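**Q** I have a structure I would like to understand better, so I am pasting it below and will then ask my questions one at a time.
The values are calculated or read from the model by the stated rules, or taken from the named source; none is laboratory data. Owing to the predicted nature of the structure, the values given are computational and were not obtained by experimental measurement. Please note: Cβ atoms are built from the backbone with ideal geometry, for glycine as well, and neighbour counts cover all protein chains shown. Accessible surface is based on the protein model in full, side chains and every heavy atom, while ligands, DNA and RNA are left aside. Shrake-Rupley method; radii C 1.70, N 1.55, O 1.52, S 1.80 Å.
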2 protein chains.
Amino acid sequence: MDSTRNSGEMAIGMPESRSTKAKAAATITATTKATHHPQAGWKRGVAIFDFIIRLCGIAAALAATATMGTTDQTLPFFTQFFQFQASYDDLPAFTFFVIANAIASGYLVLSLPFSIVGIVRPHVVGTRLLLLIFDTVMVALTTAAAASAAAIVYLAHNGNSNTNWLAICQQFSDFCQRISGAVVASFIAAVIFMFLVVLSAVALRRN
Amino acid sequence: MDSTRNSGEMAIGMPESRSTKAKAAATITATTKATHHPQAGWKRGVAIFDFIIRLCGIAAALAATATMGTTDQTLPFFTQFFQFQASYDDLPAFTFFVIANAIASGYLVLSLPFSIVGIVRPHVVGTRLLLLIFDTVMVALTTAAAASAAAIVYLAHNGNSNTNWLAICQQFSDFCQRISGAVVASFIAAVIFMFLVVLSAVALRRN
């Protein structure tokens, strides 16, 4: 009987030590799952939000590009030598504006697949960090485009008496109105990019 | 002998199952410590780097503010009615430049204690996220200031024949050179802020 108890003890002893290990491992995975599962849902929500905001950003950046790029105004009077015409490529700041906003639109379209990766796999850190870095660069790019264009638009509206630069918006009123709209759209795109950066940072917080 | 083996087995059996639990727990804490300890050191390194870069940012932003704010040039000739003088408050873009860079300098000085918190407690998430959000806003602010001033400086250097805005840098060459330097300093500050954002994001990655 002692022998059977002994063998029983032996037989149970080993599985018990294994089962405690397994149980410990099970509880660990259970707790990690318990902490991970609500996070995964929360992160997926953030990722879906990120995707939707990116679509809004594409709309804003494309609107800015298209408005600035297609606006030109020809005045109904002309002299013998040349016609009075205003378009975006008259001023380098506006050319930069069109290029920068086109780059921002293109980047946003290309970033959509990475945003979808964030929805499918909420715990992938690499793509999110990559998006954050590029989003930060795009904050700077769109803000620079919008600010430099805004400085010129302000000058076109108001002129400057100290430097003898006269306002041109009396003549080109339609042109000025449309490029002002483009500048506003670009500032909206910049704010969207800032929001995307903060959103990515919040999602990166815990993995 | 069987009995002694049995009791020995019993005596060993129970502690073994406990010791495996304890060992499992020990290995878990060991692995978590092993993964946490180098992370803490790594994060502290990032935080110290963050602090040093903030000091560089203060230098750049203060240099931009001071250069733009103190530069004025009075031409050696004058008419009966007014003297030809150029200073930053002649153009709204330059006034904005001075204000924005002053805000950036002030923010950077105020952020130093929070950066020190990051060095002392590398795992605190709140302050790091707060700094990241404000840094992102400052990227936009300094970039906007630098870009709008750059657009005006370009105009002052080159003029624009389409809008009949003449270059003023032939007359105010000293003024133009100094404000160009201020614009460069502000762009450096913007790049530093972008770097701080990415650095904070990398440090936030795992906690």
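**Q** Output, in nm with one decimal and in ascending order, the distances from the A:V117 label point to the matching label points of the other copies (7 Å from Cα along Cα-to-Cβ).
**A** 3.3
**Q** Order A:111-120, A:141-150 from most to least packed using the mean count of other Cβ atoms within 10 Å.
**A** Answer by packing, highest mean first, reads A:141-150, A:111-120.
**Q** What is the local net charge at B:T71, summed over the other residues whose Cβ is closer than 13 Å to its Cβ (Lys, Arg +1; Asp, Glu -1)?
**A** Spelling it out: positives minus negatives among the neighbours equals -3.
**Q** Students often check this: by mean Cβ neighbours within 10 Å, which of A:187-199, B:172-184 ranks highest, and how do the rest follow? All intermediate terms of the calculation are to be shown ahead of the outcome.
**A** Details: A:187-199: 23.2, B:172-184: 19.1.
So the peptides A:187-199, B:172-184, ranked by packing, come out A:187-199, B:172-184.
**Q** Please compute the average number of Cβ atoms from other chains found within 10 Å of each residue's Cβ in peptide B:192-198.
**A** For this peptide, the per-residue mean of nearby foreign Cβ atoms is 4.
**Q** From the label point of B:D174, set 7 Å along Cα to the beta carbon, how far off in nm is each other copy's matching point, shortest first?
**A** Its label point is 4.8 nm from the equivalent points in the other copies.
**Q** How much net charge surrounds A:R54 when only other residues with a Cβ under 14 Å from its Cβ are counted (Lys, Arg +1; Asp, Glu -1)?
**A** Summing Lys/Arg as +1 and Asp/Glu as -1 gives -1.
**Q** Enter the mean number of other protein chain beta carbons within 10 Å of the beta carbon of each residue in B:185-191, as an integer.
**A** 1
**Q** Per residue of B:132-145, count partner chain C-beta atoms within 10 Å of its C-beta, then hand back the mean as an integer.
**A** The per-residue average across the peptide is 6.
**Q** Given the whole protein assembly as supplied and a 1.4 Å probe, what does the accessible area of A:H157 come to in Å², nearest 10?
**A** Here the accessible area works out near 80 Å².
**Q** Additional query: Once you list every other residue whose beta carbon is under 11 Å from the beta carbon of A:I116, what net charge do they have if Lys and Arg are +1 and Asp and Glu are -1?
**A** With Lys, Arg at +1 and Asp, Glu at -1, the neighbours total +1.
**Q** Give me Rg over Rh for the range B:39-204, both radii from the alpha carbons and Rh done the Kirkwood way, two decimal places.
**A** Numbers: Rg = 19.4 Å, Rh = 17.2 Å.
Ratio value, two decimals: 1.13.
**Q** In Å and on Cα atoms, what radius of gyration and Dmax does the range B:109-207 show?
**A** Computed over the Cα atoms of the range B:109-207, radius of gyration and Dmax are 19.0, 59 Å.
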